[in-house]
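First comes the structure, then the notes that go with it.
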There are 4 protein chains.
Amino acid sequence: MSRFALPMYRHPDFSVPELRDAPVARFEPCQRDGVAPADYHATAIYPEYVQTARGKWILLRHSRMDCVIRKVNDTLEVVEFRRLKVGDLVAVGRRENGEDGIYVHTTGFASGGGESCETFAFRTSTSRETSFSIDYDTLYDILRHDRENGFILWVGGPAVIFDSDARKAFASLVDKGYVHGLLAGNALATHDLEGALYETALGQGIYSKKQASMGHYHHLDAINAIKGYGSIEQAVHQGGVRDGVMRAVVENKVDYVLAGSIRDDGPLPGVVGDVYAAQDCMRALARKATTVIAMATQLHTIATGNMTPSYQVLEDGSVRPVYFFIVDMSEFAAGKLADRGSLTAHAILTNVQDFIVNLNRALD
Amino acid sequence: MSRFALPMYRHPDFSVPELRDAPVARFEPCQRDGVAPADYHATAIYPEYVQTARGKWILLRHSRMDCVIRKVNDTLEVVEFRRLKVGDLVAVGRRENGEDGIYVHTTGFASGGGESCETFAFRTSTSRETSFSIDYDTLYDILRHDRENGFILWVGGPAVIFDSDARKAFASLVDKGYVHGLLAGNALATHDLEGALYETALGQGIYSKKQASMGHYHHLDAINAIKGYGSIEQAVHQGGVRDGVMRAVVENKVDYVLAGSIRDDGPLPGVVGDVYAAQDCMRALARKATTVIAMATQLHTIATGNMTPSYQVLEDGSVRPVYFFIVDMSEFAAGKLADRGSLTAHAILTNVQDFIVNLNRALD
Amino acid sequence: MSRFALPMYRHPDFSVPELRDAPVARFEPCQRDGVAPADYHATAIYPEYVQTARGKWILLRHSRMDCVIRKVNDTLEVVEFRRLKVGDLVAVGRRENGEDGIYVHTTGFASGGGESCETFAFRTSTSRETSFSIDYDTLYDILRHDRENGFILWVGGPAVIFDSDARKAFASLVDKGYVHGLLAGNALATHDLEGALYETALGQGIYSKKQASMGHYHHLDAINAIKGYGSIEQAVHQGGVRDGVMRAVVENKVDYVLAGSIRDDGPLPGVVGDVYAAQDCMRALARKATTVIAMATQLHTIATGNMTPSYQVLEDGSVRPVYFFIVDMSEFAAGKLADRGSLTAHAILTNVQDFIVNLNRALD
Amino acid sequence: MSRFALPMYRHPDFSVPELRDAPVARFEPCQRDGVAPADYHATAIYPEYVQTARGKWILLRHSRMDCVIRKVNDTLEVVEFRRLKVGDLVAVGRRENGEDGIYVHTTGFASGGGESCETFAFRTSTSRETSFSIDYDTLYDILRHDRENGFILWVGGPAVIFDSDARKAFASLVDKGYVHGLLAGNALATHDLEGALYETALGQGIYSKKQASMGHYHHLDAINAIKGYGSIEQAVHQGGVRDGVMRAVVENKVDYVLAGSIRDDGPLPGVVGDVYAAQDCMRALARKATTVIAMATQLHTIATGNMTPSYQVLEDGSVRPVYFFIVDMSEFAAGKLADRGSLTAHAILTNVQDFIVNLNRALD
């Protein structure tokens, strides 16, 4: 019986004078494809309310950072600039406290307690020396909750599968139902499949650490073999891939996106080569996410952070937070995400190998 | 008067028995698009010779790592797997000392001196504590040489233009003729253009470090503005962009590739959204490169490292080394490139801001 | 003509009710050597005022973090716990706004401008991607000012002298008068002297990077040689050491402390083996410091940060800030100092080699 | 039933001509305290044999890096330079293959297998992306073996006890008998005792991560309290310290050394303030060590690495390897130890919190 409960969300009080007397939001048409009208309003990660008619404040659904608000009939959509077409109606006005009919609600999940006002405290930032026991325990609680009652989205770099125990642990978490979506690149899949075929990653034993003879061919051979099957799914279904993360993902019918990058060899079948098409696929999962766990990749972590709001409006209209955990070895990488605006992210600074093994050990 | 001279290249001695008696290389046809025949030979970064007829050893041109050798009439091409078509003839055999008609020549530029055989020495790896004076001096010599006699290709992450002096220094190097090609992403260009329009990067003053009012709109506004012009080139030519790196690159007609990524906002006009198309554009420059300087980006550095050989065959048939310098703050990032096979890279561990200012100061 | 001027210091307004009506501070005697009385007051890095008689507020001189205030007749001293003797009178009471007769003044140097209150900004922390041009310019101004009008204290790890150009640059700054004190360990001095004797550091050429034959003996030989002279001073005066930082320090009669550590070989003559005696020597310099520049050492930087206040009371009674710059490659190291309470430190994230060469180039 | 067995040690073959015909080693007297005679021989981490009489090769016991060999009657001692006295006889000659009567045996534990001679392999260095499953398993085996049959020496920085679960895990390993010696500084003990008294480290909750009210006094209060008891031992025995690492160490009568540093507040009673006296205490434990585990401290790790040989001569005259594991978050820190000569060290790159929890979980 877990003590865990989601925090309550409090809607803004629209009866306060600033909001009660706020104007209705204005929308201007685009003059050119992909170009927003002057003074467009850009969305943040917080809940935003738009007053579309006197007293009617609409909470944006499926929001994300750095997009615009498009009005389609009575519906508001949060869309990337690149999707704008001539004539699209876009919300304008940048003030965030109702002055332009838009209210950004930063304290919806805040607990009542005030912050300390002492002159001084040591250790106010997060570093490798921060204590992480409570973060692990919190994460375990959230994952147990969201396995049944949410959508757990994982983001991973290849380091997740470079180690034998870590690779097994992640596959096990998929099998146990803790992975509802996976965002990764060609490399994670390639080296996971190399592991299934040769027990190596880039030619080095994932357990033994020995360099395999002609091991530098392994990743190319793995890609070539999967291409021969036609798809990763075919390779799994035909018995060509018997363990690992991609095996688990395919067998458990987990949604995944493999986004291409300029670093790729291959690529594997199924990798999305156009990065903006890949963004669309990723956001289709991100907009469902209630918890995101991003591990050992700056590229995919920042990309996902960009498209993940801090809240989720559930089907019953209730609002809950989206948890975002980052696992990385470096303060720089963890801090970079925070400095990009994903302020609500929790960082755990450790090697992803230990992290994923810990999770699998703690969760049934 | 510089003491600098390119090292001599020594071709292999094909009269030694192993090579004199080596078989002619074999080529097998592809059975399926994108899939290499069994036992295909993959290229490395070193000079490779293929014996296409008895005694006729052809040195591969425009080679790169992890590709295959395709025979088209009498020509040998080094191509990515994804470009293979049914029926293409691909070299097979993985042995590298002539046994399969292929010879990988790892010592063409080696000087005669032997290595020390003492039991022990401290400090054999490269770290932040390595002495870099000689690397700077060597690089200055190479750049002076290659400005007239080579193709200097730069690879950069956005950190190159986050600092006012660094951004000016890099633009100055472009103006002075030390930049023949530039590989970057949407972010470098976006923040450089944000700098030109607002003197900020992600809203923070690139000199003052002050947060601009509504500064978090600046990068979006910059993209929106450039889209309004239609292209970066139009923005420069119409006077909308008066300083910075992209201004210099456009005015000096430097070839550049902006490769898209899943992290992108926008993107700017001209960014290549398909990563494999972007790879093709990048390789078109990489195959001309005589010196590569890769700064503060793992993604673009590894991508470029993958497609850059250690040698260049000049028009007169002579062979010279391709110099590859990596500038990064972390041993991990520098080492990762080495661990990906780019063994000939020189790493300078420092902040790219100082690095680029140093270069501009040293070079007229 | 520099625009640089020290910021004005504003004393607290002791006429406000909280301070006007504050009690006189209490002092309790120590019952045991080295043990402070219950409820002792510990000092911070900020200016602190103690009301020793009605209306008489004394500003602490030579303060430092984590010490106690000892009353000796009418004088207040800031002393380490380990220096307390039975019967010493120590200030008690931990409240900082006058409630206990003690006032901690955190805003003496604050400019009037308020901080922005926008919901959001990117890039609020310091990282390798922060712009450092203005920090360099500010530091140049401060050093030019303090060469004549202050006490510039340098703290350095051995990385400062592992590179030929950096070692020369630091020695040059000493010769030019920008170094009034140096805090370092046995390693900096040992490898600097190794450089003078063999042009190596730990056996590797400080310019050539070549491993010297039997180079792993060099640091031991250097120590042995200096011991033969009797002292570093003797070695310099007798012509045994002709270049480098220790040569410059000795010839320019710069005060220095070489604090011993458990890592030391040797040690060199003059190294202070007892760390608490070393702390005393270090603090004798730190209490004079108007600017501190700490480079590439966590141990000595944190030690110095612990004993350096944020302000200095000059002989004429005026109060000025103490500038504290940290140069390091890692966000973790820079952040660690901040997390230890040295909140006013400026971090420049770069390789100390470039940093010191930049300084020497900019300063005549 | 573990598969683990110590590797066999093979003595050199002294019948080969170079050794059979080697001269007897020469010893020269010191002319001055602390100064070795010219051409002294410095020891390495490998087994070294000295021919003291024709055909009599003595294997050095209790060796360590960067010391000299002193002959006292018929005994050979490996001593630090600082311990030399006028008249002491010190071995001279730097050649390592018998030419000077000294033989450095680098391959005593080498298995027969040759290394691969392929042109190329990816991933030859150790980084955060290296697979560590096998290292954990190996370490578990060694610890199980050495609990009864060796001396397990731990070296730790304060990060080991900043986290609640990690602190408990380390204390548990002490209680289970896996810790025979502990080398640390004032900080580890201070913050561990702060944890026992206040459940904080530097004022931050070791589980809750909350800043305690007036928490920045906690470490000073802890030191003050322990000083009041007179010693850590007294504090434990009188019930003042009821959990944590120091409690476990004291109760289990584990030998420990707390070496002072210039960063220290306090210090705690029992901290050795003179670093060379501390080195002597540390080496008294290091010379018994059969396995060393050094966690999250550069200072103590390098100090210990300097004084730990790669082999141990057991009481029955047999020779076994000394295992040396380093746990750190940064490639730089791990590599630095290797670059200082401790070539046989195994690095595990992760957060020490996870590391120590893993060990405690795996070991009964």
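The values are calculated or read from the model by the stated rules, or taken from the named source; none is laboratory data. The structure presented is a predicted model; accordingly, all values stated were derived computationally and were not measured. When we count neighbours, we look across all protein chains shown, and the Cβ atoms used for this are built from the backbone with ideal geometry, even at glycine. We work out accessible area using only protein heavy atoms, side chains counted, and drop any ligands, DNA or RNA first. Shrake-Rupley method; radii C 1.70, N 1.55, O 1.52, S 1.80 Å.
Annotations
- Residue that is nearest to residue C:230 (Cα to Cα) [pool: residues in the range D:49-87 that are of a type in the set (Lys, Arg) and exposed (fewer than 14 other Cβ atoms within 10 Å of the Cβ)]: D:85
- Top-ranked residue in the range D:45-85 [being within 12 Å of another protein chain (Cβ to nearest Cβ) and in a strand (DSSP E or B); ranked as nearest to residue D:315 (Cα to Cα)]: D:48
- Inspection of the range A:24-44 identifies no residue that is of a type in the set (S, T, N, Q), within 24 Å of residue A:309 (Cβ to Cβ) and either assigned to a strand (DSSP E or B) or touching a helix residue (DSSP H, G or I) at 6+ places or on another chain (Cβ under 6 Å) (or both).
- Looking across the range C:129-156 at every residue that is within 22 Å of residue B:358 (Cβ to Cβ) and in contact with a helix residue (DSSP H, G or I) (Cβ under 7 Å, 6 or more places away or on another chain), the one that is surrounded by the fewest Cβ atoms within 10 Å (Cβ to Cβ) is identified as C:140.
- Some residue of the range B:215-228 being more than 17 Å from residue A:36 (Cα to Cα) and free of Cβ contacts under 8 Å to residues at least 40 places away in the same chain: yes
- Residue count, the range A:168-220 (criterion: part of a helix (DSSP H, G or I), within 14 Å of chain D (Cβ to nearest Cβ) and more than 14 Å from residue A:247 (Cα to Cα)): 8
- Residue A:4 meets all of the listed conditions (1) in contact with a Lys or Arg (Cβ under 8 Å, 6 or more places away or on another chain); (2) free of Cβ contacts under 8 Å to residues at least 60 places away in the same chain; (3) not charged (D, E, K, R) but one, namely (2).
- Within the range D:30-46, considering residues that are open to solvent by 20 Å² or more (accessible area, probe 1.4 Å) and modelled with pLDDT under 95, the one nearest to residue D:68 (Cα to Cα): D:44
- Looking across B:276, B:311, B:256, one residue alone is hydroxyl-bearing (Ser, Thr, Tyr) and facing chain A (nearest Cβ under 9 Å). It is B:276.
- Odd one out for residue C:320 among (1) within 23 Å of residue B:127 (Cβ to Cβ); (2) more than 8 Å from every other protein chain (Cβ to nearest Cβ): (1)
- Residue within the range B:221-229 that is over 22 Å from residue A:83 (Cα atoms) and crowded, with 22+ Cβ neighbours inside 10 Å present: no
Rundown of residues vs (1) modelled with pLDDT under 95; (2) facing chain D (nearest Cβ under 8 Å); (3) open to solvent by 20 Å² or more (accessible area, probe 1.4 Å); (4) more than 30 Å from residue A:349 (Cα to Cα), yes/no style:
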{"residue": "C:268", "(1), (2), (3), (4)": "no, no, no, yes"}
{"residue": "C:282", "(1), (2), (3), (4)": "no, yes, no, yes"}
{"residue": "C:285", "(1), (2), (3), (4)": "no, no, no, yes"}
{"residue": "C:288", "(1), (2), (3), (4)": "no, no, yes, yes"}
{"residue": "C:291", "(1), (2), (3), (4)": "no, no, no, yes"}
{"residue": "C:299", "(1), (2), (3), (4)": "no, yes, yes, no"}
{"residue": "C:304", "(1), (2), (3), (4)": "no, no, no, no"}
{"residue": "C:328", "(1), (2), (3), (4)": "no, no, yes, no"}
{"residue": "C:335", "(1), (2), (3), (4)": "yes, no, yes, no"}
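- Subset of the range C:88-114 (residues that are outside any strand (DSSP E or B), open to solvent by 40 Å² or more (accessible area, probe 1.4 Å) and of a type outside the set (Phe, Trp, Tyr)): C:94, C:95, C:99, C:106, C:107, C:110, C:111, C:112, C:113, C:114
- Residue tally, condition open to solvent by 10 Å² or more (accessible area, probe 1.4 Å), out of contact with any strand residue (DSSP E or B) (no Cβ under 8 Å at 6 or more places or on another chain) and of a type outside the set (Gly, Ala, Ser), over the range A:157-189: 5
- Residue within the range B:222-229 that is within 14 Å of chain C (Cβ to nearest Cβ) and within 22 Å of residue A:96 (Cα to Cα) present: yes
- For the condition over 13 Å from residue A:363 (Cα atoms), more than 13 Å from chain D (Cβ to nearest Cβ) and of a type in the set (A, V, I, L, M, F, W, C), residue A:132 does not qualify.
- Within the range D:13-23, the set of residues being in a loop (DSSP other than H, G, I, E, B) and open to solvent by 50 Å² or more (accessible area, probe 1.4 Å) comprises D:13, D:14, D:15, D:21, D:23.
- Residues (in contact with a strand residue (DSSP E or B) (Cβ under 7 Å, 6 or more places away or on another chain) and open to solvent by 40 Å² or more (accessible area, probe 1.4 Å)) located in the range C:190-209: C:199
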